[in-house]
Protein chains: 2
Amino acid sequence: MAFSPLVDELVESLRCLPGVGQKTAQRMAFHLLERGRSGGVRLAGALGNAMDGVRRCESCQNFSDTETCGICENPGRNNGTLCVVESPSDLLAIEQSGDYRGGYFVLMGHLSPIDGVGPEEIGVERLINRVVHQGVSEVILATNPTVEGEATAHYIADRLDGKDVLITRLAHGIPVGGELGYVDGFTLTHAFRGRKPLSE
Amino acid sequence: MAFSPLVDELVESLRCLPGVGQKTAQRMAFHLLERGRSGGVRLAGALGNAMDGVRRCESCQNFSDTETCGICENPGRNNGTLCVVESPSDLLAIEQSGDYRGGYFVLMGHLSPIDGVGPEEIGVERLINRVVHQGVSEVILATNPTVEGEATAHYIADRLDGKDVLITRLAHGIPVGGELGYVDGFTLTHAFRGRKPLSE
Ligand SMILES: [Zn+2]
Ligand SMILES: [Zn+2]
């Protein structure tokens, strides 16, 4: 049913958001119109500005308002260590854990030949150039522990073979506070293989 | 953690949407930036236009781009019958059932003294004026079957008492296709009270 052209277009447009179907889009539109007009106006502005202004950092490929992002430009961070992640959310999770003070390289995906995503698309060449020309001493491959993430990590490791750089992978194992009974077999296998002497 | 001013502001603004918390807002922002920029631009425009242009119909209070909405202006509809609903979503549900061809009055809420919502806020005076001056012969009270919805219906019925108009309420009962075992007691009681001879 057609409501009014402006409302219909708003509902239709809201469906570009992930996980938002017709019913949810309607509820969102009505909510904004009824009780959230100032929020709606603010969101309109933020969307316009971000879609227009957010680019990719020339150094790490992460989203940035400027040519080089805040992390890459931060002199307090050790850009001799690069943590390679698949997505900005992964970077965010690591930043929120608060411990890591090196640099990043954000692939914005993983290798997926079936979807036409090759090394070019995720910036492997740019990563290698950075490693070679900017004195990177360690590359931490922090892609996801999925088939695609592992394949991407292996591909990058192969491409870095012979370069003077330490390649590491995040440790797999039992999550801190996790109960053994709830941990999947794949993780348990990794935890056993990675076991360490108690004295360490 | 701060990402970049534009991305942060986008994430923050997305939280004005109902049911969208920090994590979901982040996922939405990244999705738009990574793969949905054209959708984001379209949504920015639709939001701006709707927040600015959508008003309330002067006759039925529903959202409308124009002074009077499409339903109120449709000469094919019988505006001698008015269906009173709490919200545009309720109107939409009735329209989608496809059978009703009368007019509407959208309260945009229900009486809720504790929230400061009185008869003024839901437009009861406007409804009565319309009934009295525009030859309305039937008012169908289709507020929700909740305590507040019932109270609102009763209040409107009282206010229309003595006016030359038939006041009706949607029938309560077993949903079509519903199983008795899954119907709540309140509905069952209504269904029993509203039972009809089989010959009807
Ligand atoms: Zn950067
Ligand atoms: Zn109207």
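The values are calculated or read from the model by the stated rules, or taken from the named source; none is laboratory data. Just so it is clear, the structure is predicted and the values come from calculations on it, not from any experiment. When we count neighbours, we look across all protein chains shown, and the Cβ atoms used for this are built from the backbone with ideal geometry, even at glycine. Heads up: the accessible areas ignore ligands, DNA and RNA and are worked out on the full protein's heavy atoms, side chains in. Shrake-Rupley method; radii C 1.70, N 1.55, O 1.52, S 1.80 Å.
Miscellaneous remarks
- The residues in region A:17-53 that are buried (at least 22 other Cβ atoms within 10 Å of the Cβ) and outside any helix (DSSP H, G or I) can be counted, and the count is 1.
- Of all residues in region B:84-132, those satisfying the criterion of being under 17 Å from B:D161 (Cα atoms) and among the hydrophobic types (A, V, I, L, M, F, W, C) are B:V84, B:V124, B:L127, B:I128, B:V131, B:V132.
- Test result for A:N79, open to solvent by 10 Å² or more (accessible area, probe 1.4 Å), away from ligand 1 (no atom under 16 Å from the Cβ) and among the polar types (S, T, N, Q): no
- Selection status of A:V131, in a loop (DSSP other than H, G, I, E, B) and either surrounded by 14 or more Cβ atoms within 10 Å (Cβ to Cβ) or touching a strand residue (DSSP E or B) at 6+ places or on another chain (Cβ under 9 Å) (or both): no
- Qualifying residues in region B:98-157 (those that are away from chain A (no Cβ under 14 Å) and aromatic (F, W, Y)) - the one farthest from ligand 1 (Cβ to nearest atom): B:Y155
- Set B:C60, B:C69, B:C83: member being within 22 Å of B:E138 (Cβ to Cβ) and either without any contact (Cβ under 8 Å) to a residue 40 or more places away in the chain or polar (S, T, N, Q) (or both): B:C69
- Single residue of B:F105, B:F63 found to be farther than 30 Å from A:A46 by Cα and within 13 Å of ligand 2 (Cβ to nearest atom): B:F105
- Restricting region A:1-32 to residues that are in contact with a Gly (Cβ under 7 Å, 6 or more places away or on another chain) and farther than 20 Å from B:R27 by Cβ, the residue that is modelled with the lowest pLDDT: A:S4
- Residue in region B:75-97 that is assigned to a loop (DSSP other than H, G, I, E, B), more than 9 Å from every other protein chain (Cβ to nearest Cβ) and under 17 Å from the mean Cα position of the chain (by Cα) present: yes
- Subset of region A:1-28 (residues that are facing another protein chain (nearest Cβ under 7 Å) and small (G, A, S)): A:S4, A:S13
- Every residue from region B:33-54 that is at pLDDT below 95 and more than 7 Å from chain A (Cβ to nearest Cβ): B:R35, B:S38, B:D52
- On inspection, B:L170 passes the criterion of being modelled with pLDDT under 85, open to solvent by 30 Å² or more (accessible area, probe 1.4 Å) and under 22 Å from the mean Cα position of the chain (by Cα).
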